[in-house]
1. From the residues in the stretch 10-24 that are in contact with a strand residue (DSSP E or B) (Cβ under 8 Å, 6 or more places away or on another chain) and modelled with pLDDT of 95 or more, which one is surrounded by the fewest Cβ atoms within 10 Å (Cβ to Cβ)?
2. For a quick check of your reading of the model, give me the residue pairs whose first member lies in the stretch 58-86 and is in contact (Cβ under 8 Å) with a residue 12 or more places away in the chain and within 26 Å of residue 98 (Cα to Cα), whose second is among the acidic types (Asp, Glu) and buried (at least 21 other Cβ atoms within 10 Å of the Cβ), with beta-carbon atoms closer than 6 Å and at least 6 apart or on different chains.
3. Of the residues 171, 95, 112, which single one is of a type in the set (A, V, I, L, M), in contact (Cβ under 8 Å) with a residue 12 or more places away in the chain and in a helix (DSSP H, G or I)?
4. Answer yes or no: is there a residue in the stretch 38-50 that is among the β-branched types (Val, Ile, Thr), on the phi < 0 side of the Ramachandran plot and in contact with a strand residue (DSSP E or B) (Cβ under 6 Å, 6 or more places away or on another chain).
5. Name the residue, out of 55, 141, that is loosely packed, with under 15 Cβ neighbours inside 10 Å and in contact with a helix residue (DSSP H, G or I) (Cβ under 6 Å, 6 or more places away or on another chain).
6. On the given criteria, is residue 135 out of contact with any strand residue (DSSP E or B) (no Cβ under 6 Å at 6 or more places or on another chain), among the aliphatic types (A, V, I, L, M) and either buried (at least 19 other Cβ atoms within 10 Å of the Cβ) or in a helix (DSSP H, G or I) (or both)?
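The values are calculated or read from the model by the stated rules, or taken from the named source; none is laboratory data. All of these numbers come straight from a predicted model, not from anything done at the bench. As a convention, Cβ positions derive from the backbone with ideal geometry for all residues, glycine included, and neighbour counts pool all protein chains shown.
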Amino acid sequence: MSHAEALIRHAAPGEISEIEAVCVAACAEYRSEVPLAVFEDYIDDLRHLSDHWHEAEVLVVEVAGQIAGSVLFYADASTEGLGLPQGWCGFRRLAVHPRMRGLGLGRSLTQACIDRARGRHAPTVGIHTATFMRAARRLYEQMGFRRCAEFDLRASDIGLGDASADVSIVAYRLDLISA
């Protein structure tokens, strides 16, 4: 399958349940890697896309007429509530359905967010990911993102699980404008 067959576009409100299903399927592989309470809270959050609909651009990647992945792009990363600075752009919940992996769709969604940030003349794109999401971390690092530990969190800091069985949420940044 070529990149030409993948279309990145804004999601429609009627696609919320389909997008949520893709996100849940994409994260199912992590069930055995994190404490159950954290996993269940994360899956519950993924099932509430409508809670984020008006605070972020919801983008999907479509392949052969099917939603294969999605991402939430934040024009102002500080509105995510994860401690990133005002003026940075950010994205969250990047997900590609397991059957659609290996086609470069995650990279394409990430690039779409970077392009949107550049279009807004943002100095930086800031993101968070979990330590156990190794493929995502590898992709971000390959695309030039660098760790910025000063914005790291714990899952319990953002209402996922509790401190008794916590997970590290690590921050990355991609500087778009040289200092």
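1. Taking the candidates together, the pick is 10.
2. If the second residue must be among the acidic types (Asp, Glu) and buried (at least 21 other Cβ atoms within 10 Å of the Cβ), the pairs left are 74/80.
3. Only one candidate passes the filter, namely 112.
4. No: the stretch 38-50 contains no residue that is among the β-branched types (Val, Ile, Thr), on the phi < 0 side of the Ramachandran plot and in contact with a strand residue (DSSP E or B) (Cβ under 6 Å, 6 or more places away or on another chain).
5. Answer to the check: 55.
6. In short, yes.
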